[in-house]
1. Normalised by the number of residues in the chain, what is the relative contact order in percent for Cα pairs under 8 Å and 6+ residues apart?
2. With viscosity set to 1.567 mPa s and temperature to 4 °C, compute the Stokes-Einstein D of region 1-54, Rh being the Kirkwood radius across alpha carbon pairs; µm²/s, no decimals.
3. Taking the Cα atoms of region 42-103 alone, what are Rg (to one decimal) and Dmax (as a whole number) in Å?
4. Between region 1-62 and region 69-105, how far is it from one alpha carbon centroid to the other, in angstrom?
5. Using only Cα atoms, tell me the angle between helix 56-81 and the longest principal axis of the chain; keep it within 0 to 90° and round to the nearest 10.
6. Counting other beta carbons within 10 Å of each residue's own, what order do 74, 25 fall into, fewest first?
7. Could you state the angle between the C-alpha long axis of helix 86-113 and the longest principal axis of the C-alpha atoms of the chain, as a value from 0 to 90 degrees rounded to the nearest 10?
8. Can you show me the helix-derived [θ] at 222 nm for the chain, built from DSSP H runs with n ≥ 4 at -39,500 (n - 2.57) apiece and divided by the number of residues, rounded to the nearest 500.
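No value in this document is a laboratory result; all are computed from the given coordinates. Please read all numbers here as calculations on a predicted model, not as lab measurements. Cβ placement follows ideal geometry from the backbone for every residue including glycine, while neighbour counts extend to all protein chains displayed.
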């Protein structure tokens, strides 16, 4: 059984090659192979949700909540810190958002696991 992953267009090819050397049964499909290299991230996620047969309701709810949280976070940062935080938002907010999602998701997972 092959494990399938869709590699982002920004994913370094050396990472994919290193993973394939260590775990050859993983099946990576690059964004170019899937003709997704020009699609935006929300478009790719929508296609992935359809391919994995994710129900429309939970997908829409998760999309709406996550996008709203992102916009509110940006607005709050601009309100509190003003124009100087704009560079941080444009360069590093994705990393911060990922960290916060993993942190909160970890606490939620721990709550339901124990």
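1. 17
2. Translational D for this selection: 109 µm²/s.
3. For region 42-103, the Cα-based Rg and Dmax read 14.3, 43 Å.
4. If you average the Cα positions of each part, the centres end up 25 Å apart.
5. In the chain, helix 56-81 runs at an angle near 40 degrees to the longest axis.
6. Lowest to highest Cβ neighbour count: 25, 74.
7. Relative to the chain, helix 86-113 is tipped by roughly 70 degrees.
8. The helix-only estimate for the chain comes to -22500 deg cm²/dmol at 222 nm.
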